[in-house]
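Worksheet: the structure to be examined is printed underneath.
The values are calculated or read from the model by the stated rules, or taken from the named source; none is laboratory data. Owing to the predicted nature of the structure, the values given are computational and were not obtained by experimental measurement. Cβ: placed from backbone, ideal geometry, glycine included. Neighbour counts: every protein chain shown.
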Ligand code: HEC
């Protein structure tokens with residue numbers, strides 16, 4: 001029997017499907033570049049051409065052969081091979097399904113009088129079934145032996161990508177500096193979180209003071225800048241000149257400019273707030289009138 005579908009169509013189609021599946025599964029792994037290598041592509045083309053030549057030879061042999069058959073046999077074979085390629089393909093797939101109407105097999109159970117129909121499964125169904133087996137094998141093997149769909153690996157890849165994107169973003173978006181930053185109300189909440197993480201051990205989370213001075217009163221040890229907000233920023237950036245315990249968070253790179261702007265906004269906010277913590281460290285330094293709250297709300 002001749003194959004109903006030319007191999008020069010079947011084989012490249014299967015290869016394409018496999019490559020496509022690889023593409024779907026592994027596109028994040030950069031394996032795809034191997035497939036599009038010029039050698040692979042020329043190999044692909046050569047195989048297809050060779051198959052096509054083989055197919056043509058086969059066809060010639062077939063034509064020669066049927067000349068030696070009886071009329072009846074020849075008709076039968078020609079009927080099987082009639083029509084163009086896609087018609088034969090269609091017939092191939094739905095062939096048994098159509099014929100099964102006439103040749104239904106019956107299984108007699110005997111003891112219960114029930115007769116079971118034993119239809120042949122349609123060709124397309126069987127092929128689909130084989131396809132799922134092949135498909136699952138690819139899936140199974142790749143899952144066993146390579147990192148495909150390994151959640152940890154995928155997480156790592158996504159994580160690294162994110163970190164890189166953040167790095168690029170931070171490089172391209174300049175950090176706040178003492179010159180360009182100012183009090184922003186919308187930064188208070190994120191500043192509070194950062195203050196709790198970095199400053200609360202010495203200043204308490206409400207800023208009422210511990211080892212470090214009370215940040216909610218009107219007394220200041222350090223005055224480097226004209227405005228209160230810039231003064232806070234400056235102390236966090238450069239540290240204190242008289243006491244190294246208050247270290248240079250900004251200069252040393254421990255906290256980035258944008259975060260210092262947030263923390264400064266929070267410190268400024270708790271300093272200017274009417275409601276002060278009930279218990280606070282006794283005032284240190286000098287009272288600075290121009291920084292104290294002017295309007296009482
Ligand atoms: C290791 C303890 C410690 C940590 C952590 C710390 N500080 Fe301080 N801070 C101090 C001390 C001590 C002083 C007093 C410095 C001086 O006497 O000049 C101070 C002073 C300050 C002042 C100036 C107060 C004044 O009256 O001049 C500000 C503002 C300040 N800190 C904010 C912060 C912020 C914001 C953070 C978190 C990023 C922070 N500090 C973290 C110990 C600390």
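Summary of values
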item: Residue that is within 7 Å of the ligand (Cβ to nearest atom), free of Cβ contacts under 8 Å to residues at least 40 places away in the same chain, surrounded by 15 or more Cβ atoms within 10 Å (Cβ to Cβ) and within 22 Å of residue 276 (Cβ to Cβ), where the choices are 221, 236; result: 236
item: Enumeration of residues in segment 171-203 that are free of Cβ contacts under 8 Å to residues at least 40 places away in the same chain and within 13 Å of the ligand (Cβ to nearest atom); result: 193, 196, 197, 200, 201, 203
item: Any hit, segment 244-254, residues being outside any loop (DSSP other than H, G, I, E, B) and closer than 19 Å to residue 184 by Cβ; result: no
item: Number of the exception - residue 278 against (1) surrounded by fewer than 16 Cβ atoms within 10 Å (Cβ to Cβ); (2) within 9 Å of the ligand (Cβ to nearest atom); result: (2)
item: Residue list for segment 1-26, restricted to those being over 28 Å from residue 78 (Cα atoms) and either at pLDDT below 65 or touching a helix residue (DSSP H, G or I) at 6+ places or on another chain (Cβ under 8 Å) (or both); result: 15, 18, 19, 21, 22, 23, 25, 26
item: Subset of segment 199-234 (residues that are out of contact with any helix residue (DSSP H, G or I) (no Cβ under 7 Å at 6 or more places or on another chain) and assigned to a helix (DSSP H, G or I)); result: 200, 201, 202, 203, 230, 231, 234
item: Members of segment 239-254 found to be within 39 Å of the chain's Cα centre (by Cα) and either near the ligand (Cβ under 6 Å from one of its atoms) or within 17 Å of residue 285 (Cβ to Cβ) (or both), listed by number; result: 249
item: Whichever residue in segment 146-171 is at pLDDT below 85 and under 29 Å from residue 250 (Cβ atoms) and, among such residues, is farthest from the chain's Cα centre (by Cα); result: 171
